[in-house]
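Here the structure comes first, spelled out in structure tokens, and everything after it is commentary.
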Amino acid sequence: MRIWIVVVLAGIGTYLIRASGILIFQNEDRIPPLVRRALRMIGPATMGAIVGNALFLDQGAWRPFGAWHIAALVAVAAAVWKRNLALTMLAGAAAFAVLLLTVY
């Protein structure tokens, strides 16, 4: 029962934090340009952290060079070549699947 109290309180807390941002900055023009620029970078920075962690670490230990790294290189090449997020993810996933099927 105690875990549900923690879950509900955490949910209420995150809701209040999000709502406070909306209430404080109702008018987008009131957000300083520096903060607006920084907020635009949160998504890419989060994705970079997730990908970097998955690419280099495996359960807290360094991941040996393999299919993950080659698929990441294919995805980077697709991103530089086409500048299309969907194509980048598809190329990386396809390369990873092909490498797993052929190597293992």
Does ALA72 satisfy the criteria of being surrounded by 10 or more Cβ atoms within 10 Å (Cβ to Cβ), assigned to a helix (DSSP H, G or I), touching a Leu at 6+ places or on another chain (Cβ under 8 Å) and at negative phi? yes
Output for Cβ contacts, cut-off 9 Å, separation at least six or different chains, first residue hydrophobic (A, V, I, L, M, F, W, C) in the stretch 37-56, second not in a helix (DSSP H, G or I), reads LEU39/ILE31; ALA54/ARG63; LEU55/ARG63; PHE56/TRP62; PHE56/ARG63
Scanning for something free of Cβ contacts under 8 Å to residues at least 12 places away in the same chain, closer than 26 Å to VAL74 by Cα and assigned to a helix (DSSP H, G or I), does the stretch 24-34 turn up at least one residue? no
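Can GLY11 be described as at pLDDT below 95, closer than 30 Å to VAL103 by Cα and either surrounded by fewer than 10 Cβ atoms within 10 Å (Cβ to Cβ) or out of contact with any Phe, Trp or Tyr (no Cβ under 8 Å at 6 or more places or on another chain) (or both)?
No: the conditions fail for GLY11.
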Close pairs from the stretch 1-19: first among the β-branched types (Val, Ile, Thr), partner surrounded by 10 or more Cβ atoms within 10 Å (Cβ to Cβ) and not in a helix (DSSP H, G or I), Cβ under 7 Å, at least 6 apart: none
Are any residues in the stretch 13-50 among the small types (Gly, Ala, Ser) and within 19 Å of the chain's Cα centre (by Cα), and if so, which ones? ALA38, GLY43, ALA45, GLY48, ALA49
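The values are calculated or read from the model by the stated rules, or taken from the named source; none is laboratory data. Only a predicted model underlies this, so the values are computations on that prediction, with no experimental measurement involved. Here the Cβ is made from the backbone with ideal geometry for all residues, glycine too, and neighbour counts use every protein chain on show.
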